[in-house]
Amino acid sequence: MVEHTPADPTRPVYHRVLLKLSGDAFAPQDTGYGISASTTALLARELSDVVAMGVQPVVVVGGGTILLGRQVPGIDRARADYMGMLATVMNALALQDALEKIHVPTRVQTAIQMAQIAEPYIPLRAIRHLEKGRIVVFAAGLGVPYFSTDTTAAQRALEIGAQAILKGTKVDGVYTADPHVDPSARRFESIEYIDVLREGYQVMDATAISLCMENKLPIIVFDFREEGNIRRAVSGEPIGTLVHGGVK
């Protein structure tokens, strides 16, 4: 079994990471819908902390609490997915605003052309931003329907050379069942990609997990709502669940 790397809080284990956040990461905790300025500001402070450590973070955001395209009844699936992509842009701009208010330079890149508010997605430009100490937020998914923001996260992470995906969730790792429903659910400290696929654990969708497995890209699943957890994850502290390829 693969263990988390021993942590030194002053030296990051990962120097370039992709943080995957669902739309509910931006929502007020009481309603679970829309965008909360205070919640978004907390995310910005957390990201600012890891930039100060010398880490180069990129972020992929979802849009589910504004609009998840496939949940719109009576609308063509492809068109509904495009609507969902636009919702992710709203969350990306909210995060950019929160980051720049605390003087962290940020660029939003979108897979759909919208030049007045964001750059187009260009991998080499994104890498250059990271090298200059900027945070890059990727929005609008892959720019095509039928693909999730989980798959976007895996693809973007591989293309910009991220060393890990940090998957922020509402629970502190991967469980055998939903811990909010089943009190006997057991949390994994680590789990292999193939077991996630075989058992259907809700980590990321199967396409994303397969991409990570093929390219040996580790995924750390953790509770993004606990302050300091992003810093702990990049430092290698054993938080949440590590999804990996095992030992040959």
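The values are calculated or read from the model by the stated rules, or taken from the named source; none is laboratory data. Quick caveat: nothing in here was measured; it's all calculated off a predicted structure. Here the Cβ positions follow ideal geometry from the backbone for every residue, glycine too, while neighbour counts run over all protein chains shown. Calculation scope for accessible area: heavy atoms of the full protein, side chains included, ligands and nucleic acids excluded. Shrake-Rupley method; radii C 1.70, N 1.55, O 1.52, S 1.80 Å.
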**Q.** Ranking by accessible area, most exposed first, for V13, V104 with a 1.4 Å probe
**A.** V13, V104
**Q.** Bins of 5 Å from zero: percent of alpha-carbon pairs in region 92-244
**A.** 2, 9, 16, 19, 21, 16, 11, 5, 2, 0, 0
**Q.** For region 37-176, convex hull of alpha carbons as volume per residue, Å³
**A.** 131
(Q) With equal scatterers on the alpha carbons only and no solvent term, can you work out the Debye log10 of I(q)/I(0) for region 136-214 at 0.19, 0.23, 0.25 1/Å? (A) -0.89, -1.16, -1.28
**Q.** Helix-only [θ]222 nm of the chain, DSSP H runs n ≥ 4, -39500 (n - 2.57) each, per residue, nearest 500
**A.** -11000 deg cm²/dmol
(Q) Considering all alpha-carbon pairs of region 89-129, what whole percent are spaced by more than 17 angstrom? (A) 32
**Q.** Net charge dipole size for the chain [Lys, Arg +1 and Asp, Glu -1 on Cβ; Debye, nearest 20]
**A.** 660
